[in-house]
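**Q** One structure, as structure tokens, below. Some questions next.
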Amino acid sequence: MRQGVKILAAIALLLPVFRGFAGDTGITPAALATLAASGSHTFTLVTDNPGTEGIRRQILSFEVDGLRQYALLLRPAGDRPEQGWPVLQFNHGFHPDPPRNGFNAQGKSDRPGDYYRQTTQAYARAGFAVVAPDYRGHNVSEGGAFTSRALADAWYSRDAIACFLALESVDGLDLSRAYMLGHSMGGAVTLRVMRALGSRVKAGAVWSTSGGGGLAYLMGWELAESLGEDYAGVSKPVLDGLMHELQELGQGVAANDLYSLNNADKIESPISIQHAAGDTSTPAAASMDLAARLYLAGKDYQLKIYPGSDHLFTGEQFSRAMERDIAWFEAHR
């Protein structure tokens, strides 16, 4: 969703709570790769929700780092292909009020929520089984303390990896055709997950990617509170929180090690990148930066910059963006 300024004081208040959460469940590229190699995750059916347009909607649960997490699974209408449905994992963007992530206009939990309903439904109508994890601390998924971390989206990457691994426990899916789409903050999550999972994700796509919380992005939170003025003596709760988190991750871990764009050259599978030129929530520079890094690393990618300012594509641009990615996925089977 649209990026918002978090309550900076909450980060300072929660710093003592953060201690003890890191340990061997880290967020460095090596730690995420270790999780991706574990293969010990399964889904449990929680509820069968009313279907729409013949699309079956299920809520599933899984565990990661001792936290119970939840995900929405959409199964396409009609008969299942002999080899199973191709799979798309959708990694959502930032939500300003994580416990209400996935709520509808009537204030009820109805994953994936009104904001992303068109996106997930459209891919299910196109014949993809779509799985959309909450992330820790979102909706009723456990781990609310993580949502105020400076490195929150890096921790969400662990949830997205575990969700993907749990797909092995679901019947009727063709995991030889598994793809991933991330929007906004979910773009950064997707880049980390794709690096960790390697070729198990056949191709990926990112819309309006945030780039993964670089230092300039975090500094923007600070400047929003100070109305654009700063000097060394001003307290910076977000950056102080980042420093504490890096310390608890262990000696030698630097912020740049966790910045998703800095590790893009290690991603094995091809990536489709789309962004609106005038997006003020996540500037298009992040997508152009990503494309340049992939080009310099000799990686396969495509980039499309649209006119306008849509953060989540609508109307004709939504149709074009979706068609472009489906063609991309079909070309990488």
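**Q** About the Cα centre of the chain, how large is the charge dipole given +1 on each Lys and Arg Cβ and -1 on each Asp and Glu Cβ? Please answer in debye to the nearest 20.
**A** 440
**Q** Here is a further query. Please list, in order along region 61-67, the HN-Hα scalar couplings obtained from phi with the Karplus expression 6.51 cos²θ - 1.76 cosθ + 1.60 (θ = phi - 60°), rounded to whole Hz, x for Gly and Pro.
**A** Rounded to whole hertz, the list is 10, 7, 10, 8, 6, x, 9.
**Q** Also: Please list, by residue number, every one of the GluC sites (Glu not before Pro) in region 212-285 that is coil in DSSP and has at most 15 other beta-carbon atoms within 10 Å.
**A** Listed in order of number, the matching sites are 229, 268.
**Q** Taking each pair of different alpha-carbon atoms in region 59-100 once, compute 1/r for the pair, average those values, and report the inverse of that mean as the Kirkwood hydrodynamic radius in Å to one decimal.
**A** Computed over region 59-100, the radius equals 13.3 Å.
**Q** Whole-Hz Karplus ³J(HN,Hα) for region 279-295, in order, using 6.51 cos²θ - 1.76 cosθ + 1.60 and θ = phi - 60°, x for Gly and Pro?
**A** Here the 3J(HN,Hα) series is 4, 9, 7, 9, x, 5, 4, 5, 5, 5, 4, 4, 4, 5, 5, 5, 4 Hz.
**Q** Still on this structure: Specify the residue with the greatest mean-square fluctuation among 255, 31, 216, computed from a Gaussian network of the chain linking alpha-carbon atoms under 10 Å apart.
**A** Among 255, 31, 216, the largest mean-square fluctuation in the Gaussian network model of the chain belongs to 216.
**Q** May I pose another question? Under 23 Å Cα-Cα from residue 236, which lysines qualify once same-chain neighbours fewer than 8 residues away are excluded?
**A** Excluding near neighbours in sequence, the set is 6.
**Q** Cα atoms only, region 77-151: Rg and Dmax in Å?
**A** Rg, Dmax (Cα atoms, Å): 14.4, 45.
**Q** Excluding residue 320 itself, what net charge comes from residues whose Cβ is under 13 Å from its Cβ, given Lys and Arg +1 and Asp and Glu -1?
**A** Every neighbour counted, the sum reads -2.
**Q** Take peptides 315-326, 149-160, 286-297, 124-135 and line them up by average Cβ neighbours within 10 Å, highest first, as a rough protection proxy.
**A** Numbers: 315-326: 16.1, 149-160: 26.6, 286-297: 17.9, 124-135: 24.2.
So the peptides 315-326, 149-160, 286-297, 124-135, ranked by packing, come out 149-160, 124-135, 286-297, 315-326.
**Q** Next question. P(r) for the chain, please, calculated from all Cα pair distances in 10 Å bins and given in %.
**A** Spelled out per bin, shortest first, that is 6, 28, 37, 23, 6, 1, 0.
**Q** Ignoring everything except DSSP H segments at least 4 long, calculate the 222 nm mean residue ellipticity for the chain; use -39,500 (n - 2.57) per segment, divide by total residues, nearest 500.
**A** Working: 10 runs with 117 residues, N = 333.
For the chain, the value works out to -11000 deg cm²/dmol.
**Q** From the P(r) of region 134-241, can you give the percent of Cα pairs sitting at distances over 17 Å?
**A** Tail fraction, whole percent: 62.
**Q** Measuring from a point 7 Å past the Cα of residue 216 along Cα-to-C-beta, which residues in region 279-312 have an amide N at less than 15 Å?
**A** In region 279-312, the label zone of residue 216 (backbone N under 15 Å from the point 7 Å along Cα→Cβ) covers 279-293.
**Q** Straight-line reach from residue 202: which lysines have Cα under 30 Å away, leaving out those fewer than 8 places along the same chain?
**A** Qualifying lysines at Cα under 30 Å: 266, 299, 304.
Readers should treat all values here as calculations from the given coordinates under stated rules, not as data from a laboratory. Since this is a predicted model, take the numbers as computed values, not measurements. We place every Cβ from the backbone using ideal geometry, glycine too, and count neighbours over all the protein chains shown.
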